[in-house]
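Chemist: Sharing a structure, written as C-alpha cells. Questions coming.
The values are calculated or read from the model by the stated rules, or taken from the named source; none is laboratory data. Every value quoted in this text rests on a predicted model; they were computed, and no experiment measured them. For neighbour counting, all protein chains shown are included, and Cβ atoms are generated from backbone atoms with ideal geometry for every residue, glycine included. Surface accessibility is based on the protein's heavy atoms, side chains included, excluding ligands, DNA and RNA. Shrake-Rupley method; radii C 1.70, N 1.55, O 1.52, S 1.80 Å.
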Amino acid sequence: PYMQVGIVARFTSSYVDRDGIVRTEAVARNLATIGHDVTVYCTGWWPEQEETREIDGVTYRAVTISPTQTSFLFRVAILLAIDRPDVVHLTPDSSATVLSARLGATFAGAPLIVDWYGDEPLRAYKRRAARIPDRVVCPSELVRRDVRELGASERETLVIPAAVDMDLIRSTEPAGETDIITARRLDSDGNLESFLLSLAEYCQRCWQATVIV
C-alpha cells in the first residue's frame, strides 16, 4: 500500500553540498515516482512566499525561511505531529535534529528512519543520535560499523547501497587489469598524496594510478 512519507532535511542540496543530502533527495524522488505521498520538511530556499513547492512529484515544505536551527527543530516536531506521516525519514545535520524528528515521529505514531551516509556534520551527542532511531540505514558496511560502534545494535542497522547506474556501467569500456583497488572518502583525512608517495617508494617499476571521484 502507498504511504505518506515525511522526510526531514533541514538543508537540501540547494543550501548545502553534501552527498548524504543528495542520496536522501533521490530517495524522495524514487518514492514519489512509484506513487507515495512524499513531503520534505526543510528550510525554504525559493524566493516566493509560498509555504510549499512541488518538484518531480515531491512536496517541499518550508519549516522555516531562514537557516535558524532552534526554530526549525521546534516547528518540525509540531508539523510531524500534526501531519502524522506513516514513516519519518531523516538525513541528520546535527544530533538535535535527530532528537526533534524522534519527538515528532513519536507523536505521529510513526517509525523514525535515519539515513546515516557518513558525511554528516555531527559533533556532540553522536551516540544518542545513533541509538534513538528505530532503524539506521547506511550505504555500506564501513559506515554501518561506525554507527554500531556508536551504540546502535545490529538489528537496528541496515545497509542499502547507493543506487548504481547499470546502463552507464555496461557502456563503459574496461580499463584492463588492476592490481590494487582501494576506496575511501577524499576528505581532509584521505591522505591520497601520502598513499601515492608510499606506492612510488614500494613499487619501483612503472605503474599507473586512477582516481575515480
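Chemist: Please work out if residue 101 is open to solvent by less than 20 Å² (accessible area, probe 1.4 Å), within 30 Å of residue 149 (Cα to Cα) and not in a strand (DSSP E or B).
Modeler: Yes; evaluated as a whole, the condition is true for this residue.
Chemist: If residue 200 satisfies every condition in (1) in a loop (DSSP other than H, G, I, E, B); (2) surrounded by 10 or more Cβ atoms within 10 Å (Cβ to Cβ) but one, which is the exception?
Modeler: Status for residue 200: all satisfied but (1).
Chemist: Mind counting the residues in the stretch 4-44 that are within 17 Å of residue 79 (Cα to Cα) and open to solvent by 30 Å² or more (accessible area, probe 1.4 Å)?
Modeler: Result for the stretch 4-44: 3.
Chemist: In addition: Of (1) closer than 21 Å to residue 120 by Cα; (2) assigned to a loop (DSSP other than H, G, I, E, B); (3) not β-branched (Val, Ile, Thr), residue 25 satisfies all except one. Which?
Modeler: (2)
Chemist: Taking residue 63 as meeting all but one of (1) touching a residue at least 12 places away in the same chain (Cβ under 8 Å); (2) part of a loop (DSSP other than H, G, I, E, B); (3) over 17 Å from residue 120 (Cβ atoms), write down the number of the exception.
Modeler: Unmet condition: (2).
Chemist: I'd like the residue in the stretch 69-95 that is among the β-branched types (Val, Ile, Thr) and in contact (Cβ under 8 Å) with a residue 12 or more places away in the chain and, out of all such residues, is farthest from residue 116 (Cα to Cα).
Modeler: Checked the stretch 69-95; the qualifying residue farthest from residue 116 (Cα to Cα) is 78.
Chemist: If you don't mind, there's one more thing I want to ask. Give 125, 117 a once-over and let me know the one that is at pLDDT 90 or above and in contact with a helix residue (DSSP H, G or I) (Cβ under 9 Å, 6 or more places away or on another chain).
Modeler: None of the other options fit; the residue is 117.
Chemist: Can you list residue pairs whose Cβ atoms sit under 7 Å apart, with the first residue in the stretch 121-147 being without any contact (Cβ under 8 Å) to a residue 60 or more places away in the chain and the second being open to solvent by 60 Å² or more (accessible area, probe 1.4 Å) and of a type in the set (Val, Ile, Thr)? Count only pairs 6 or more apart in sequence or on different chains.
Modeler: 137/160
Chemist: Turning to a different aspect of this structure: Taking residue 163 as the residue in question, decide whether it is in contact (Cβ under 8 Å) with a residue 40 or more places away in the chain and under 22 Å from residue 24 (Cβ atoms).
Modeler: Here the answer is yes, as residue 163 does meet what is asked.
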